[in-house]
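Taking it in order: structure first as structure tokens, then the write-up.
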């Protein structure tokens, strides 16, 4: 397989998916995945010293290193294998083949472990299959890795649903409150909050502190992983230094959405002071 052609082929398949033609896209994507797997088997050998990934950005690579503490040398395949398997999973879900879709999403996560959208989609397939333990485990894994506020919101909503279904409405309310602290315009969150209004699961019945104590009592974090925000801001600083103001702004806004404007400003100051200190050595 000529991997340099993969992105162009993916665009063609994605156009079919956008047009609602999963039946035409799926064979293309399946063939591409088979060719990619053959290429990986021949050329990308994982050892105790080396692991191969398909990180879509420098940020994903940096965040993986800081969060996972993987001591191995990280090598890039050079093509968007995570995107390939994510597209294949999307096609298969539309065709009702949930088992193959789950396998494709496992591959998407394998190639980009920081891809929380893949983790949450895979979690949902486990929920549909009735595997609640895997649904919750994958959802929980998002808290340490999420770099998009919307992914954290989805994770909190999953746990809110679980606590409501298992007879713990106040803890469900706390999860919804934590989600609301991250976003005020998420449609699924708004629907859940509206349904809970006036009940024991109403997030408005809790203070911010009460909600934090309830989620932490269940072993859940009260908010985003600060390490992820640091990685976003480090990459934003590098982008700004390289003259890419749009990327710098986008990364900074993502960090702000995760930890808030005040914490974001403090982290920027820390990063700048660290850079200044290292530059003065």
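Remarks
- Test: residue in the stretch 39-56 that is over 27 Å from residue 152 (Cβ atoms), in contact (Cβ under 8 Å) with a residue 40 or more places away in the chain, buried (at least 21 other Cβ atoms within 10 Å of the Cβ) and in the same structural domain as residue 18 (by TED's automatic domain parsing): no
- Failed item, numbered, when residue 75 is tested on (1) surrounded by 16 or more Cβ atoms within 10 Å (Cβ to Cβ); (2) outside any helix (DSSP H, G or I): (1)
- Residue within the stretch 47-59 that is under 23 Å from residue 9 (Cα atoms), out of contact with any helix residue (DSSP H, G or I) (no Cβ under 9 Å at 6 or more places or on another chain) and either at pLDDT 95 or above or part of a loop (DSSP other than H, G, I, E, B) (or both) present: no
- Where a residue in the stretch 165-188 is free of Cβ contacts under 8 Å to residues at least 24 places away in the same chain and its partner, wherever it lies, is surrounded by 19 or more Cβ atoms within 10 Å (Cβ to Cβ) and part of a helix (DSSP H, G or I), with Cβ under 8 Å and at least six apart: 180/189; 180/193; 180/203
- Being over 19 Å from the mean Cα position of the chain (by Cα), closer than 29 Å to residue 69 by Cα and outside any loop (DSSP other than H, G, I, E, B) holds for only one residue in 170, 272, and it is 272.
Residue by residue, here is whether (1) in contact with a strand residue (DSSP E or B) (Cβ under 7 Å, 6 or more places away or on another chain); (2) part of a helix (DSSP H, G or I); (3) surrounded by 12 or more Cβ atoms within 10 Å (Cβ to Cβ); (4) at positive phi holds:
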| site | (1), (2), (3), (4) |
| --- | --- |
| 8 | no, yes, no, no |
| 13 | no, yes, yes, no |
| 25 | no, yes, yes, no |
| 37 | no, yes, yes, no |
| 79 | no, no, yes, no |
| 90 | no, yes, yes, no |
| 104 | no, yes, yes, no |
| 114 | no, no, yes, no |
| 117 | no, yes, yes, no |
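The values are calculated or read from the model by the stated rules, or taken from the named source; none is laboratory data. Remember, it's a predicted structure, so these values are computed and weren't measured experimentally. Please note: Cβ atoms are built from the backbone with ideal geometry, for glycine as well, and neighbour counts cover all protein chains shown.
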